[in-house]
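Below is one structure; the comments refer to it alone.
The values are calculated or read from the model by the stated rules, or taken from the named source; none is laboratory data. What you see is a predicted model; the values in this text were computed from it and never measured. For neighbour counting, all protein chains shown are included, and Cβ atoms are generated from backbone atoms with ideal geometry for every residue, glycine included.
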Ligand SMILES: Nc1ncnc2c1ncn2[C@@H]1O[C@H](COP(=O)(O)OP(=O)(O)OP(=O)(O)O)[C@@H](O)[C@H]1O
């Protein structure tokens, strides 16, 4: 049995009179790729926002590696090893590709101000490590040739890769990807599937994603949760989900 990384129990999120998330429970296991799908407005992003600390849930519990996350702000959640991307890529667009990866590590390295001022060996060591990690991820993502380009000028697919690199450089145990295939061409989508598989295989991590691209989802997910109108309607392996009449009805509507 693999270990449970993330446990979400009876999550509810209310916006005024709207119950946007209604009693959602899910568990993500170590090394698992778990997807949340559902029609527009089903509540997927709201679940993500609750898990990643952008919203404080109205009710319910969220644990990461058995420790409560519920209500922690997003930077604390990230320090615990849970990081995310966004539907619309969020990078420092005026910084270079490399600088984006250096800045991302800023909160990790505790080289203090005085050590920096005096240029102590501990500071130089930390700086070197930061640079090595940035170059590693530029190579891994195949974007090293753009290291000195402003991030905002990269092709969209490369910006998405840079955003994932920026998450990975903080060494997360759980990566949340919010519609990672949006705006990608068919080849980039294939590459993305390969990338997600490599991440989990080589870094022993778990991935939770929201996605509308069904062929990507069916190809890479171990399990899928389908939501409709804020409620979970089915959780299961891709083949089970694909054949479930409730899922077909949620997507196609009633005759
Ligand atoms: N901050 C908010 N304030 C008020 N209502 C919100 C807020 N965020 C989301 N909602 C509402 O909650 C419901 C669920 O929205 P959510 O964005 O979570 O759906 P989704 O499944 O991610 O949709 P999509 O696939 O279109 O991104 C929608 O009716 C939306 O209008």
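Listing for the model above:
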| quantity | calculated |
| --- | --- |
| Within segment 230-252, tally of residues that are within 16 Å of the ligand (Cβ to nearest atom) and more than 23 Å from residue 6 (Cβ to Cβ) | 2 |
| Breaking point among (1) in contact (Cβ under 8 Å) with a residue 60 or more places away in the chain; (2) within 16 Å of the ligand (Cβ to nearest atom); (3) closer than 25 Å to residue 82 by Cβ, for residue 172 | (2) |
| Residues that are in a loop (DSSP other than H, G, I, E, B) and either surrounded by fewer than 15 Cβ atoms within 10 Å (Cβ to Cβ) or on the phi > 0 side of the Ramachandran plot (or both), drawn from segment 150-178 | 155, 171 |
| Complete set of residues in segment 72-86 that are surrounded by 14 or more Cβ atoms within 10 Å (Cβ to Cβ) and in a loop (DSSP other than H, G, I, E, B) | 72, 80, 81, 85, 86 |
| Residue count for segment 179-225, restricted to those that are assigned to a helix (DSSP H, G or I) and within 16 Å of the ligand (Cβ to nearest atom) | 3 |
| Pairs, first modelled with pLDDT of 95 or more in segment 27-49, second near the ligand (Cβ under 6 Å from one of its atoms), C-beta under 6 Å, six or more apart | 36/44; 43/20; 44/38; 46/20 |
| Number of positions in segment 40-61 that are within 16 Å of the ligand (Cβ to nearest atom) and in a strand (DSSP E or B) | 2 |
| Output for segment 1-39, where each listed residue is assigned to a loop (DSSP other than H, G, I, E, B) and either closer than 25 Å to residue 181 by Cα or more than 11 Å from the ligand (Cβ to nearest atom) (or both) | 1, 2, 3, 30, 31, 32, 38, 39 |
| Any hit, segment 93-110, residues being within 16 Å of the ligand (Cβ to nearest atom), surrounded by fewer than 16 Cβ atoms within 10 Å (Cβ to Cβ) and touching a residue at least 12 places away in the same chain (Cβ under 8 Å) | no |
